[in-house]
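Only one structure is covered here, and it is reproduced in the block below.
The values are calculated or read from the model by the stated rules, or taken from the named source; none is laboratory data. In this text the structure is predicted, and so the values were computed from the model without any measurement. Cβ atoms come from the backbone with ideal geometry, glycine included; neighbour counts cover every protein chain shown. Just the protein is used for accessible areas: all its heavy atoms, side chains included, with ligands, DNA and RNA removed. Shrake-Rupley method; radii C 1.70, N 1.55, O 1.52, S 1.80 Å.
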Amino acid sequence: MQSVEVIGRKRNDYNSEYSFSATKVAIQNKELPQAVATVTKELIADRLAFQLPDAVKTVSNVSVTGLYNHYNIRGITQADDGQVLNGMRTRQYYFLQPITSHLERVEVIKGPSSVTFSSADPGGTVNMVTKKPLLEKRSEVSLSTGSFGTIRATADFTGPLNESKTLLYRFNAAFQEADSFRDVVNNNALLISPSLSYIPNENTSLNVEMIYSDSEGNLDRGQPIFGAINGEFDLNSTPITRNVGASSDHYKNKEFIFMANFSKKFAENFGFNA
């Protein structure tokens, strides 16, 4: 279990100077023995990276492979070992990618150091770090639209719940409805993620968070092409909108994640995390 990150990052630029992921303790990036690339929430918002593959596109030596939730890191494609959330293994999202509105940052740990998360991927591991409550009151609501009936809305509220600022909260919600240029292909999702932190003093902290997601979509297997002659294909044999799947061939996924982190520091170099 990594050291507990209880309070959200106060910086608002594209750089994150620390990480919990590579060594499972808070450490400056310049002191890390591993190669770690970070995509912060500011970069995610400015690029409108509403889903995880859009966020990791900015990282060198990382690309999305195939139709499923696989990433090619340093030339090696990950296995079906699922996502890593706050350093903990979760399930495989199949082809419905997780929404990024509740993420503080996405960290890519490159190389064999990924074995620290039991993913056993020699190329690397993608770790999602969720947003934590802040000591100051902040509110943000966004709405965006796009082609093919795309509608996206997000809300992010955080701040203290008492005057002493020992009890903090954060609430994230997101909604998406999106069709595609391909027939009967869509991607609809709903995300609700509340988080509470109790920090009575600088040596004791407790964070509890919940993530509920409800998504439904269709797999786009690409445009079917017919008429192969001597290894040459007629790209105009079918329209680009043609989908080989049926309208009832969809994937529904409901997920509930509950996480609790506790940290107690007894001395400068001695502490307990659970």
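Determine the share of the chain's accessible area contributed by carbon and sulfur atoms, expressed in whole percent, with a 1.4 angstrom probe.
54 percent
What percent does the relative contact order of the range 149-274 come to when contacts are Cα pairs within less than 8 Å and at least six residues apart?
In percent, rounded to a whole number, it is 21.
Using amide H atoms built in the peptide plane, which far-off residues or other-chain residues are under 5 Å from residue 130 H to H?
Under 5 Å from the amide H of residue 130 lie the amide H atoms of 86, 104, each far enough along the sequence or on another chain.
With springs only between Cα atoms under 10 Å, which of 155, 37, 228 fluctuates most in a Gaussian network model of the chain?
Ranking 155, 37, 228 by mean-square fluctuation puts 228 first.
Hey, can you rank 121-128, 56-63, 204-211 by average C-beta count inside 10 Å, highest first?
Top to bottom by mean Cβ count within 10 Å: 121-128, 204-211, 56-63.
For a quick protection proxy, order the peptides 190-199, 94-103 by their average other-Cβ count within 10 Å, most packed first.
Ranking, from highest mean packing down: 94-103, 190-199.
Order 151, 109 by their accessible area, 1.4 angstrom probe, all chains in place, largest first. Could the numbers behind the result be given before it?
On the way: 151 75, 109 0 Å².
Sorted by accessible area, descending: 151, 109.
Treating only the Cβ atoms of Lys and Arg (+1) and Asp and Glu (-1) as charged, compute the dipole magnitude of the range 136-227 about its Cα centre; round to the nearest 20 debye. Please list the in-between numbers first.
Working: 7 positive and 12 negative charges, 23 e Å.
With only Lys, Arg, Asp and Glu charged at Cβ, the dipole is about 120 debye.
Run the numbers on the chain and let me know its relative contact order in percent, using alpha-carbon pairs under 8 Å that are six or more apart.
The normalised contact order for the chain reaches 13 percent.
For the range 224-241, what does the Karplus curve 6.51 cos²θ - 1.76 cosθ + 1.60, with θ = phi - 60°, yield as ³J(HN,Hα) per residue in whole Hz, taken in order and with x for Gly and Pro?
x, 10, 10, x, 6, 10, 6, x, 9, 10, 8, 5, 9, 5, 9, x, 5, 7
Which whole-number value in Å² is the accessible area per residue of the range 124-274, probe 1.4 Å?
58 Å²
Please compare each pair in 132/265; 131/252; 41/265; 110/252; 131/265; 110/265 to a cut-off of 24 Å on the Cα-Cα distance and tell me which ones are over it.
Checking Cα-Cα distances, 131/252; 41/265; 110/252; 110/265 exceed 24 Å.
Explain nothing, just compute: Karplus ³J(HN,Hα) = 6.51 cos²θ - 1.76 cosθ + 1.60, θ = phi - 60°, for every residue of the range 103-108 in order, whole Hz, x for Gly and Pro.
Computed from phi, the couplings for the range 103-108 are 9, 6, 6, 10, 10, 10 Hz.
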